[in-house]
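Working notes, beginning with the structure itself.
The values are calculated or read from the model by the stated rules, or taken from the named source; none is laboratory data. Model, not experiment: these values are computed from the prediction. Glycine gets a Cβ as well: all are built from the backbone with ideal geometry, and neighbour counts include every protein chain shown. Areas reflect the complete protein model, heavy atoms only, side chains present, ligands, DNA and RNA absent. Shrake-Rupley method; radii C 1.70, N 1.55, O 1.52, S 1.80 Å.
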Amino acid sequence: MASEALSARRVSWDEDELSDDTSSDEDSEGAAEDSADDDEPPLMSHRQVALRPRAGTRRLTAGSASLHAAVLAAEEEKSPGGARKGRGEGGGSGGLAAAVHGAVFGLIIFVTCVPTMISYAAIVFRGHRFSNQLPTLTKLMFLSASVHMAVFSIFSSMPFAVGQVQDIGLIVLAKIAREVLDQSMESGSTHAEAVATVLIACALATAITGAGVWVVGRLKLSKYVQLLPLPVVGGYLGYIGYFCLAAGASLGTGVTIEGFGTWRQFFVLDPTLLSKLGLSLAFAAGLFVVSYKLKHVAALPSVLVAMPILFFVVLLISGVSLDTARANKWIPEPEEHPHAGWETFQLYNGFQNIAWHVLPGQIVHVIILFFFVAFGSVLDVAAIQTEQPTPLDADAEMRMIGISNIASGLASGFTGSYIFSQTIFTQRQKVTSKMAGIVLCVGEIVLFVLPIDILQFFPGFFIGGIMAFFGIDIMLDWLVNSRSKVSFREYLLVWFTFIAIMLTSLINGIAIGTAASACLFLLGYSHAPVFQIKRGLTSSRARSGEVTAALLALRGRIACIEFHGYLFFGAAIQISGDIQEKIKKTGATEVILDFEKVSILDSTSAQAISALVMALQGLNINITFSAVGPKEKQMYRLLANNGALNDIEEANIVDHVDEAIACCESRLLQNYALVAAPGEGGREIPKDTIGRIAQYLSSFCAPVGSAVGVPAQSREVVLEVAGRMEERLLDAEQPIFARGEPCNEVFLVLDGCANLEGLSQSKRRVREPKKRRRQQAPTAKVVRKYGAGSLMGVLPFQVAPSHTTTCRAGPTGCKVAVLSRDTLRAMIAESPQQAILVQSVFLRHIANLTQMALTPHTATETAADLGGNGEISEGESPGSCRE
């Protein structure tokens with residue numbers, strides 16, 4: 001199992017940063033500059049699980065303790081302006097200078113990668129099962145790393161890109177290696193045949209993973225890869241940390257460490273064993289100091305080179321021979337016949353007697369491997385993007401990573417991707433030549449080709465200390481420091497997944513963690529508000545002044561329950577338990593159940609809604625359903641089959657909430673006694689057209705709350721104004737006024753109806769091909785309906801030079817009375833009383849519109865009645881402010 005070991009991904013748990021969307025150049029550059037000094041990722045950090053954390057916070061290492069960190073962290077002493085050079089900028093005064101500059105930093109990275117690859121080989125091929133072949137298997141790790149680097153050097157759009165074997169997938173490869181070896185030998189294969197089967201299994205898993213990552217890039221599916229719950233990934237990486245710590249203790253002391261119980265082997269008085277363990281941990285602590293405290297680019301490479309040399313110098317000074325040191329397992333025994341690179345393929349046993357039948361059993365491991373490698377690669381690309389002055393093609397980068405893994409698999413290699421820290425390190429060092437990658441690739445090929453057992457030069461505590469450093473750093477970041485980056489539930493889930501993996505197995509633990517994450521989501525979502533109670537609603541239908549005044553007094557009796565989101569079984573408690581009590585508090589007699597914003601409705605919630613309807617009907621409350629969809633669709637069918645629509649008349653099941661409000665208004669008006677306006681004395685209002693105009697105008701002139709209508713002395717003036725207005729008949733759909741026409745007339749509807757048009761803003765759109773949607777022009781829809789007695793065009797007449805919308809006669813035509821601007825001017829000149837009456841009508845009309853738009857009478861109920869589950873608020877009246 002591998003650590004994100006030398007590959008610490010700095011993690012920000014902010015969900016809004018877990019996106020592969022490309023930010024603007026200014027944003028990415030600004031963010032980079034803000035955190036340049038505080039958030040340098042360690043050089044030996046191969047991954048970044050998410051974007052960089054906020055400045056001033058300690059980054060979370062996603063899978064490895066960043067040994068590479070030190071060099072990059074040291075870059076805080078970089079020259080001014082050198083950190084933000086984009087691709088293709090400065091790094092040398094010419095091609096040769098740029099190549100030399102790149103080669104130097106390629107050599108630095110190579111020094112840090114050598115112990116990294118050795119550690120990775122020890123992780124995948126861990127234990128006595130592979131001890132005899134480990135030097136040769138380590139060469140395959142170097143070959144795989146060089147293949148990744150070669151692909152990145154050839155295809156990456158960034159000349160400073162670094163791609164290597166990564167640790168996020170190594171733990172899965174280690175599981176594959178161990179299980180395939182055991183199953184092969186149990187089926188009768190020799191050890192050599194079983195090792196050959198293991199290599200084929202790892203190569204196939206890597207190639208299949210690469211193909212999957214390439215498909216992700218080809219089909220632009222990167223955003224879906226991130227659906228794997230991050231706390232589950234955190235628990236998995238915490239397990240990687242433990243595995244690295246256990247592997248470090250094993251390599252440093254020669255004692256096999258796996259489960260928690262195996263650590264008691266160190267509770268003995270064995271000076272040699274304890275000194276080995278102490279030296280390994282001391283070296284790990286030293287790496288912490290170097291990585292996070294020393295700020296020089298050469299600090300970490302110098303320590304990595306100097307420590308083995310120092311060890312052999314101490315042996316020489318103390319007079320301890322190499323044979324004695326090997327006998328006491330301070331350094332490994334050298335391979336008797338070291339293999340050259342091409343000889344390592346002898347481990348495939350000529351593809352003879354391969355236990356092919358055990359490979360299908362690893363399909364689940366391969367799927368997990370794909371998800372983790374794809375997940376990490378997506379976030380690596382996103383992390384690197386934050387440092388770039390120009391956008392990266394994330395999908396192209398994913399395709400390249402896929403090709404790299406396919407090539408690595410075909411070359412008997414292992415999974416890999418971008419090494420975030422090293423890529424940013426070379427960029428900030430102004431490396432503009434691909435020579436850095438070439439040097440790293442060539443160095444790894446040389447180690448693969450040369451017939452030298454490189455492991456003999458590294459003491460056990462050296463490799464063990466590096467791996468212990470990885471493990472401790474990863475566990476601290478994911479199991480401790482992550483607490484400040486996640487919610488308490490997510491933090492518990494990180495630990496739960498970690499413990500589940502420890503107590504069961506990798507696959508079972510991840511499955512348990514994912515299931516627990518789903519349960520936590522359902523629990524949280526079930527408590528999220530799924531409804532909002534709106535009051536104070538009025539429809540888009542314009543009416544006479546008298547009726548409008550009545551509706552303003554009555555609209556408090558209308559309540560709209562607006563459901564939204566996913567109404568699944570978890571929401572049933574809110575629907576059945578909370579809404580009824582809240583509706584009682586409102587005193588509503590008309591309730592609208594609006595489903596326009598509902599995405600999905602399940603049968604449990606449908607039953608809860610049915611129970612709610614029955615309870616409200618028992619309180620003598622009228623129910624109207626809005627936007628439940630066609631009868632053949634699931635939402636209507638579930639509501640009908642579960643009894644919610646049983647006692648609901650067809651007229652009370654409408655397509656839009658505005659229609660539902662209009663239905664409620666009509667029922668309220670039927671039971672409301674509108675006051676006649678005969679008045680006392682004075683001239684009677686005739687029954688002809690002039691009389692009808694005067695009657696409608698009078699409804700806007702009566703004092704507020706008056707029961708007698710227009711005062712007698714004003715009746716003559718009303719009739720005079722009515723006589724000045726022009727009667728106009730319009731055919732069906734004929735424009736009364738059109739967009740762009742001068743606003744020189746006010747209209748009073750006498751018969752029929754009129755419709756004001758606006759651009760459609762429907763929230764529920766039928767899915768159509770994108771090409772067809774682009775070709776369609778915005779459609780007009782009716783945003784306000786005018787009935788008999790309603791005024792049109794008052795506001796534009798007062799303040800606008802021309803109409804911004806079109807109003808048409810209804811489907812049966814209409815009759816209107818027209819007051820022109822010239823007529824009003826004549827009134828002002830000839831009869832100021834008439835002009836004052838007209839302005840009073842206009843003022844009352846505008847006041848009614850304003851009152852319909854305002855929401856005064858339930859603002860104080862919102863906080864008191866919210867209760868954490870639903871919300872009572874003033875509703876927006878559809879079209880209430882529109883003329």
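For the reader, a short list of remarks on this structure follows.
- Criterion violated by residue 287 - all others in (1) outside any helix (DSSP H, G or I); (2) open to solvent by less than 60 Å² (accessible area, probe 1.4 Å) satisfied: (1)
- Residues located in the stretch 717-726, provided they are surrounded by 14 or more Cβ atoms within 10 Å (Cβ to Cβ) and outside any helix (DSSP H, G or I): 725
- Search result, residues across the stretch 705-716 that are buried (at least 22 other Cβ atoms within 10 Å of the Cβ) and either modelled with pLDDT of 90 or more or of a type in the set (A, V, I, L, M, F, W, C) (or both): 710
- Residues in the stretch 445-478 that are among the aromatic types (Phe, Trp, Tyr) and in contact with a Leu (Cβ under 9 Å, 6 or more places away or on another chain) were compared, and the one that is farthest from residue 496 (Cα to Cα) is 448.
- Residue 387 vs. criteria surrounded by fewer than 20 Cβ atoms within 10 Å (Cβ to Cβ), in contact (Cβ under 8 Å) with a residue 24 or more places away in the chain and at negative phi: no
- The set of residues from the stretch 324-363 being in a loop (DSSP other than H, G, I, E, B), touching a Ser or Thr at 6+ places or on another chain (Cβ under 8 Å), farther than 30 Å from residue 276 by Cα and open to solvent by less than 50 Å² (accessible area, probe 1.4 Å) comprises 354, 355.
- Residue in the stretch 491-498 that is more than 19 Å from residue 260 (Cα to Cα) and open to solvent by less than 50 Å² (accessible area, probe 1.4 Å) present: yes
- Sole exception among (1) open to solvent by less than 30 Å² (accessible area, probe 1.4 Å); (2) out of contact with any strand residue (DSSP E or B) (no Cβ under 8 Å at 6 or more places or on another chain) for residue 645, by number: (2)
- If you go through the stretch 522-547 and keep only what is in a helix (DSSP H, G or I), touching a residue at least 60 places away in the same chain (Cβ under 8 Å) and open to solvent by 50 Å² or more (accessible area, probe 1.4 Å), you end up with 527, 546.
This table checks each residue for (1) of a type in the set (A, V, I, L, M, F, W, C); (2) within 18 Å of residue 599 (Cβ to Cβ).
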position	(1), (2)
617	no, no
621	yes, no
627	yes, yes
633	no, yes
641	no, no
650	no, no
655	no, yes
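- Residue match in the stretch 364-384 (condition: within 20 Å of the chain's Cα centre (by Cα) and assigned to a loop (DSSP other than H, G, I, E, B)): no
- Among all positions in the stretch 801-812, there is no residue which is over 15 Å from residue 746 (Cβ atoms), assigned to a helix (DSSP H, G or I) and either open to solvent by 60 Å² or more (accessible area, probe 1.4 Å) or at pLDDT 75 or above (or both).
- Subset of the stretch 147-167 [farther than 26 Å from residue 101 by Cβ and either free of Cβ contacts under 8 Å to residues at least 24 places away in the same chain or in contact with an Asp or Glu (Cβ under 6 Å, 6 or more places away or on another chain) (or both)]: 167
- All positions within the stretch 465-476 that are open to solvent by less than 10 Å² (accessible area, probe 1.4 Å), modelled with pLDDT of 85 or more and either out of contact with any Phe, Trp or Tyr (no Cβ under 9 Å at 6 or more places or on another chain) or not hydrophobic (A, V, I, L, M, F, W, C) (or both): 465
- Residue, modelled with the lowest pLDDT, within the stretch 251-275, restricted to residues that are more than 21 Å from residue 462 (Cα to Cα) and among the aromatic types (Phe, Trp, Tyr): 260
- Scanning the stretch 595-634 for residues that are within 26 Å of residue 669 (Cα to Cα), part of a helix (DSSP H, G or I) and open to solvent by less than 20 Å² (accessible area, probe 1.4 Å) turns up 612, 613, 616.
- Some residue of the stretch 401-417 being closer than 22 Å to residue 217 by Cα, open to solvent by 30 Å² or more (accessible area, probe 1.4 Å) and among the polar types (S, T, N, Q): no
- Pairing residues of the stretch 260-288 that are free of Cβ contacts under 8 Å to residues at least 40 places away in the same chain and closer than 28 Å to residue 306 by Cα with residues that are hydrophobic (A, V, I, L, M, F, W, C) and crowded, with 20+ Cβ neighbours inside 10 Å, at Cβ distances under 7 Å and at least 6 apart in sequence or on separate chains, gives 277/249.
- Pick from the stretch 321-359, criterion touching a residue at least 60 places away in the same chain (Cβ under 8 Å) and of a type in the set (S, T, N, Q), ranking: farthest from residue 180 (Cα to Cα): 344
- Entirely in the stretch 143-238, the helices (runs of 4 or more DSSP H) that have 2 or more residues that are crowded, with 23+ Cβ neighbours inside 10 Å: 170-186, 191-218
- Look at (1) at pLDDT 90 or above; (2) more than 24 Å from residue 197 (Cα to Cα); (3) surrounded by fewer than 24 Cβ atoms within 10 Å (Cβ to Cβ) and you find that residue 137 fails only one, number (2).
- Scanning the stretch 550-568 for residues that are open to solvent by less than 10 Å² (accessible area, probe 1.4 Å) and part of a strand (DSSP E or B) gives 558, 559, 560, 561, 563, 567.
- Elements of type helices (runs of 4 or more DSSP H) in the stretch 407-486, at least 1 residues being of a type in the set (Ser, Thr, Tyr), in contact with a Lys or Arg (Cβ under 6 Å, 6 or more places away or on another chain) and touching a residue at least 12 places away in the same chain (Cβ under 8 Å): none
- Scanning the stretch 244-273 for residues that are in a loop (DSSP other than H, G, I, E, B), among the aliphatic types (A, V, I, L, M) and open to solvent by less than 40 Å² (accessible area, probe 1.4 Å) yields a total of 2.
- Of the set (1) part of a helix (DSSP H, G or I); (2) closer than 15 Å to residue 157 by Cα; (3) under 20 Å from the mean Cα position of the chain (by Cα), all apply to residue 397 but (3).
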